[in-house]
1. Looking only at segment 226-256, filter to residues that are of a type in the set (Val, Ile, Thr) and not in a loop (DSSP other than H, G, I, E, B); which one of those is surrounded by the fewest Cβ atoms within 10 Å (Cβ to Cβ)?
2. Quick check on segment 363-375: of everything there that is buried (at least 20 other Cβ atoms within 10 Å of the Cβ) and in a loop (DSSP other than H, G, I, E, B), which residue is farthest from the chain's Cα centre (by Cα)?
3. For GLU350, indicate whether it is surrounded by fewer than 24 Cβ atoms within 10 Å (Cβ to Cβ) and either touching a residue at least 40 places away in the same chain (Cβ under 8 Å) or closer than 30 Å to GLY233 by Cα (or both).
4. Within segment 13-20, can one find any residue that is surrounded by fewer than 17 Cβ atoms within 10 Å (Cβ to Cβ) and more than 16 Å from GLU382 (Cβ to Cβ)?
5. Those residues that are aromatic (Phe, Trp, Tyr) and in contact with a His (Cβ under 8 Å, 6 or more places away or on another chain), I need them from segment 228-246; list them, please.
6. Within segment 111-133, take every residue that is touching a residue at least 60 places away in the same chain (Cβ under 8 Å) and out of contact with any strand residue (DSSP E or B) (no Cβ under 9 Å at 6 or more places or on another chain) and give me the one that is surrounded by the most Cβ atoms within 10 Å (Cβ to Cβ).
7. If you go through segment 297-354 one residue at a time, how many are within 30 Å of ALA161 (Cβ to Cβ) and touching a His at 6+ places or on another chain (Cβ under 8 Å)?
Amino acid sequence: MAKVIVIGGGAAGLLAAGTAARRGEDVLVLERNDRPARKVMITGKGRCNATNHCTLVSDLVANVPTNGRFLFSAFMRFMPNDVMEFFENEGVPLKIERGNRVFPVSDKAVDVVDALVHWCTGGGAAIEKGRVTSLVINDGHVTGVQTEDGAVYTCDRVIVATGGLSYPLTGSTGDGYALAKQAGHTIIEQHPALVPLVCHEGFCADLQGLTLKNISMTVLDNETYKEIYKDFGELLFTHFGVSGPTVLSASCHMKDMEKGRYSIHIDLKPALSYEKLDERVLRDFTENSNKNFINALDSLLPKKLVPVMVRLVGVKPQTKVNQITREQRAKLVNLLKDLTVTVNAFRPIEEAVITCGGVSIKEIDPKTMQSKLCEGLFFAGEVIDVDAYTGGFNLQIAFSTGHLAGESV
């Protein structure tokens, strides 16, 4: 009989299991897949953005738009520098890239996975294949788990680290929500977070594959007329709408998604004021006065964007530049400073990087990750109602909550 059972062999579960085992506990990890940490294998496009090199806990909390303050204790116990030291000690050299993103020097996520598995099994924890379908609870205390094949494992404590609903092919199918419900927990409705967006405008499909770099992006809630998010960086056009780092982070702020409720306003020239940009356009027009309009924008725009912009300005492509009116030039400048796309919907949750929603934080002790409703039951990672921006913050949440749960059991 294992004293501690960890349900889920992902980033949070493996770190929790190894931490508990190295503190003398008899630990068993039950993982439904043949191999643990399958989702870690695909993070960071297979390179694994293991954490973000923040030095202040306030910076970490600021990058967790959903219930960030709940994680204060977990972050304090296991900061990014602790995560980096952990992997270095496990034989995984690291490097810091743009935006303080931390990757293995090898650019191979498998090195991170191997380190987590070694931490777990090297500390004495066992890993078995099994899908847990229910908890065994007696007198308000968890005393075991049952798997889908009917096997019952007895224990004193259970850590639920099953992930969310994103990337279901990696095993994240929401099993942990059902287990938490069984123990009486409230489950906050799930929806995609860090997810591409479906947009109304047809020109998005025309621009498929185009990445805009160094743009400024503002998201407006058209229902409240308020700015809900602003960012600077990269945006990618797709056949269905938009994606890219700025868009994924913006999606975290789009609550109660409805068709047309949110609009994204793209400033293609954020370094220039409207007046300075108008002067620049006027200068270009003077130099290219005898050219056709469609051939006079190459220095202003990516080639793929030119015909779309010409169409939006409403000028025939073959119009000579010296025939462009002041009003038409003003419309071009307005578009350069505010190219707008209207959001119709999130892409499916299967395409989301993470899940928003999960076990209510009100029912979890933030200093231990233990359930307030069922003694001996703990939670770690994405199954909890917390989510963060891109850049390594979500794995940091997994490691911090996993470490705290592993210590607390």
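Derivation of every value follows stated rules applied to the coordinates shown; laboratory data play no part. Because the structure is a prediction, the values reported are computed rather than measured. Don't worry about glycine lacking a Cβ; one is built from the backbone with ideal geometry, like all the others, and counts go over all protein chains shown.
1. From segment 226-256, those of a type in the set (Val, Ile, Thr) are 228, 238, 242, 246-247; that's our starting set.
Now drop any that are not not in a loop (DSSP other than H, G, I, E, B), which leaves 228, 242, 246-247.
Working: ILE228: 14, VAL242: 26, THR246: 25, VAL247: 27.
Among those that are of a type in the set (Val, Ile, Thr) and not in a loop (DSSP other than H, G, I, E, B), it is ILE228.
2. Going residue by residue through segment 363-375, those that are buried (at least 20 other Cβ atoms within 10 Å of the Cβ) are 364, 369-371, 374.
Subsequent filtering for residues that are in a loop (DSSP other than H, G, I, E, B) retains 369, 374.
Working: MET369: 21, CYS374: 30 Å.
Among those that are buried (at least 20 other Cβ atoms within 10 Å of the Cβ) and in a loop (DSSP other than H, G, I, E, B), it is CYS374.
3. Numbers: surrounded by fewer than 24 Cβ atoms within 10 Å (Cβ to Cβ): yes; either touching a residue at least 40 places away in the same chain (Cβ under 8 Å) or closer than 30 Å to GLY233 by Cα (or both): yes.
Spelling it out, GLU350 is indeed surrounded by fewer than 24 Cβ atoms within 10 Å (Cβ to Cβ) and either touching a residue at least 40 places away in the same chain (Cβ under 8 Å) or closer than 30 Å to GLY233 by Cα (or both).
4. First pass over segment 13-20, keeping only residues surrounded by fewer than 17 Cβ atoms within 10 Å (Cβ to Cβ): none.
No, every residue in segment 13-20 fails to be surrounded by fewer than 17 Cβ atoms within 10 Å (Cβ to Cβ) and more than 16 Å from GLU382 (Cβ to Cβ).
5. In the first step, residues of segment 228-246 are kept if they are aromatic (Phe, Trp, Tyr); the result is 229, 232, 237, 240.
Correct list: TYR229 only.
6. That would be LEU116.
7. 2
Conditions (1) within 17 Å of the chain's Cα centre (by Cα); (2) under 15 Å from PHE393 (Cα atoms); (3) among the small types (Gly, Ala, Ser), marked per residue:
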{"site": "MET41", "(1), (2), (3)": "yes, no, no"}
{"site": "THR66", "(1), (2), (3)": "yes, yes, no"}
{"site": "ARG77", "(1), (2), (3)": "no, no, no"}
{"site": "VAL83", "(1), (2), (3)": "no, yes, no"}
{"site": "VAL105", "(1), (2), (3)": "no, no, no"}
